[in-house]
Amino acid sequence: MYYDAIENRHNLKHDPFKALVTPRPIGWISSLSSDGVLNLAPYSFFNAVSDKPHYVMFVSSGRKDSIYNVEDTGEFTCSLSTWDTLDGMNISSATVPADADEFQLAGLETSPSNFVAPPRVKNAPAALECKLWRTLEMPDVETGSESGHFVVFGQVVGIYIDDAYIKDGIVDTGAMRPIARMGYMDYTVVNPDTMFTLNRPVVAEDGTVSNTSAEKWDGTYA
Ligand SMILES: Cc1cc2nc3c(=O)[nH]c(=O)nc-3n(C[C@H](O)[C@H](O)[C@H](O)COP(=O)(O)O)c2cc1C
């Protein structure tokens with residue numbers, strides 16, 4: 001099949017777009033309102049967008065509590081969503097009034113951040129502490145009309161990693177078992193069995209392309 005994505009007449013049961021951009025990491029965003037009410041919610045329109053400096057983004061489909069808080073206070077954290085906190089992540093997505101604390105709702109404990117005011121999820125093996133750069137509303141490129149979808153860009157100013165997951169100077173991401181969003185109501189989980197190593201290709205002077213090796217990477221670019 002092939003279709004005009006602006007008209008979006010796919011004739012399927014559900015828009016397949018999110019089933020095609022997959023798996024998407026889940027940024028578990030904590031923020032504080034200007035009144036000090038704590039907020040937590042998962043966002044799968046989330047990713048790292050730069051590593052020098054470290055930047056992440058998440059997208060709010062409509063203006064939700066997280067974006068209001070981040071715009072008011074300029075700070076947020078992204079805790080890593082993993083298999084061990086799956087239920088808490090899901091419960092924290094519930095639509096509740098702005099004065100509700102989803103940490104309490106989901107029975108999750110907080111841990112203080114070092115560089116920003118919102119705390120992180122205590123049981124998350126890693127978290128990013130972020131300062132807002134800017135929010136952008138994405139337009140329809142042809143008509144320029146507003147979409148109500150806002151990208152929030154934040155610079156990462158502090159990084160927490162549970163030392164238990166650092167082995168020989170390398171983070172053991174598979175052992176953290178991060179979960180990620182697929183299409184529909186589907187998710188996937190990363191674990192050591194679903195990971196593999198692929199080193200960068202090397203092109204010889206005669207144009208022959210070879211992969212260096214499938215050995216575990218030692219942490220330095222050759
Ligand atoms: C795994 C998962 C991913 C989600 N991703 C997004 C997202 O990228 N953007 C969005 O607007 N809502 C997303 N949602 C829904 C929000 O989490 C939900 O609307 C939540 O109530 C927003 O909370 P807030 O108002 O406290 O920010 C997601 C929900 C789940 C369970």
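FYI, it's all coordinate maths here, none of it is from the lab. Nothing here was measured: the structure is a model prediction, and the numbers come from that model. Reconstructed Cβ throughout: ideal geometry from the backbone, glycine too, with neighbour counts over all protein chains shown.
Give the calculated FRET efficiency between Val151 and Val171 to the nearest 0.05, with a Förster radius of 25 Å applied to their Cβ-Cβ distance.
Numbers: r = 27 Å, r/R0 = 1.07.
With a Förster radius of 25 Å, E is 0.40.
Sum up the charges of everything whose Cβ sits under 10 Å from the Cβ of Ser113, counting Lys and Arg as +1 and Asp and Glu as -1, but leave Ser113 out. Write down the numbers at each step before the final one.
Numbers: positive: Arg120; negative: Glu75, Glu129.
The answer is -1.
Is it possible to state the helix-based mean residue ellipticity at 222 nm for the chain, with each DSSP H run of 4+ residues giving -39500 (n - 2.57), the sum divided by total residues, to the nearest 500 deg cm²/dmol? What is it?
Details: 5 runs with 27 residues, N = 222.
Taken over the chain, the calculation gives -2500 deg cm²/dmol.
What FRET efficiency comes out for Val49 versus Ser93 if R0 is 30 angstrom and r is the Cβ-Cβ distance? Round to the nearest 0.05. Write down the numbers at each step before the final one.
Working: r = 23 Å, r/R0 = 0.76.
Computed FRET efficiency for Val49 and Ser93: 0.85.
Take every Cα pair under 8 Å in segment 163-222 that's 6+ residues apart, average their separations, divide by the length, and report that relative contact order as a whole percent. All intermediate terms of the calculation are to be shown ahead of the outcome.
On the way: 60 pairs, mean separation 13.1, N = 60.
Answer for segment 163-222 is 22 percent.
Using the per-residue mean of other Cβ atoms lying within 10 Å as a proxy for protection, in what order, highest first, do the peptides 20-26, 195-201 fall? If you can, show how the numbers build up before the last one.
Details: 20-26: 16.4, 195-201: 9.6.
Result, highest mean Cβ count within 10 Å first: 20-26, 195-201.
To the nearest 20 debye, what charge dipole does the chain have about its Cα centre, counting +1 at the Cβ of each Lys and Arg and -1 at the Cβ of each Asp and Glu? Intermediate results must be reported in sequence, preceding the final value.
Values: 16 positive and 30 negative charges, 36 e Å.
So the dipole magnitude of the chain works out to roughly 180 debye.
When only alpha-carbon atoms count, how far does the chain stretch along each of its three principal axes, as whole angstroms with the largest first?
63, 48, 31
Please check: in the Gaussian network model of the chain (C-alpha springs, under 10 Å), which one of Asn191, Asn11, Asn47 has the largest mean-square fluctuation.
Among Asn191, Asn11, Asn47, the largest GNM mean-square fluctuation belongs to Asn11.
Check the straight Cα-Cα distances from Lys52 and name the lysines below 19 Å, setting aside those fewer than 8 residues away within the same chain.
Lys131
Arranged from highest to lowest average of other beta-carbon atoms within 10 Å per residue, in what order do the peptides 68-78, 155-165 appear? Numbers along the way, then the final one.
Values: 68-78: 21.4, 155-165: 14.4.
The peptides rank, most packed first, as 68-78, 155-165.
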